[in-house]
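Scroll down for the structure; my scribbles are underneath it.
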Amino acid sequence: MANKQNKITVYDIVLIGLMAALCFVGTYLHIDIPTPLGKTMIHFGNVFCLLAGMLLGGVRGGLAAGIGSMFYDILDPAYISECWITFINKFMMAFLCGIVVSYGVKKIAALHEKAQSGGSQHKTANSTLIKTLFGISSVVMAVMAVLIGMEGYQKITAMVSGEETDITGGVIMVIGAVILTVLLIVGVVIALRRLFAKQQSKAELDASTAKITFTTRLFGGVTGIVGYVVLYLTKNFIMGLLQHQEMATIITTLITKGSISLINGVIAIVISMLLAPYFVMALQRSGLDRKVMIRSAK
């Protein structure tokens, strides 16, 4: 079963290709920043790299981010020699983000499963029966309370007017009507409290779901960006050593490119978190969420 869930399907390939295309286009929409130490840029490719991880999980999201970013480098002479490094770096960005978000998806699934556990079908059947019996008994009690109360009232009235000499029967009937009315009110109050409790539990579950979703997406985005920046700066450091650059030059390069990468990262985290709900909504409407996203929760 696990192997089947981990197998890449046609739906996965389609979504990987779609997100890869968005990563490519996002990187293409950039602002070049020439520096004395080389070319760098501010772009939106990382937005879709993080989105790929949030929507498709670690491996699938990583493939989409890596492939889309790599193809941009292949088409740019300034980056073509490093396209394979880009694939690794962008793959890790989306992979780390996807791993964190998938943990959140699993946690949310566990909360919903716990809320519905304990023989939900049996409880549903019992609940329907109880509601039916409660409704019938409430109507019967209400009718009995009215009839018995009216009869008791008539007996008491007759006693007061002198038509009856025994008030006991009337009093007992009135007391019985009052008891039935009290029982009916208590039953209604209990039913309303249980209904309110269920609504409150659902609201709490929705609030927990929203909190976990927001937290894991934020932490996933930060983790992905930090992982990417570390790999990116490590690559530049190693290249600087291989090119026999002075340490001061290497450090300046790391500071310059690291600053641009962090700016790109902050932009990517904010925009990807804003766009994620709309992408999820689109997948849900198309039915692809059940074929792709739910698997990461199992």
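Scalar couplings 3J(HN,Hα) for segment 67-72, obtained by applying the Karplus form with A = 6.51, B = -1.76, C = 1.60 to θ = phi - 60°, are 5, x, 5, 5, 5, 5 Hz; x denotes Gly and Pro. Summed over the residues of segment 203-266 and divided among them, the accessible surface reaches 56 Å² per residue at a probe radius of 1.4 Å. Protein-only accessible surface at a 1.4 angstrom probe places the residues H244, H43 in the order H244, H43, largest first.
For the pair D76 and V10, label points projected 7 Å from Cα toward Cβ lie 3.6 nm apart. Our estimate of slack between A142 and I251, defined as 0.36 nm per intervening residue step minus the Cα-Cα distance, is 30.7 nm. Placing a pseudo-label 7 Å from each Cα along the Cα-to-Cβ vector at L241 and M150 gives an inter-label distance of 9.8 nm.
Working ranking of peptides 228-238, 8-18, 67-77 by packing, defined as the average number of other Cβ atoms within 10 Å per residue, highest first, is 67-77, 228-238, 8-18.
The values are calculated or read from the model by the stated rules, or taken from the named source; none is laboratory data. This one's a predicted model, so the numbers in the text were calculated from it and none came from an experiment. No Cβ is skipped: glycine too gets one built from the backbone with ideal geometry, and neighbour counts run over all protein chains shown. For the accessible areas, the whole protein counts, side chains as well, though only heavy atoms, and no ligand, DNA or RNA atoms are used. Shrake-Rupley method; radii C 1.70, N 1.55, O 1.52, S 1.80 Å.
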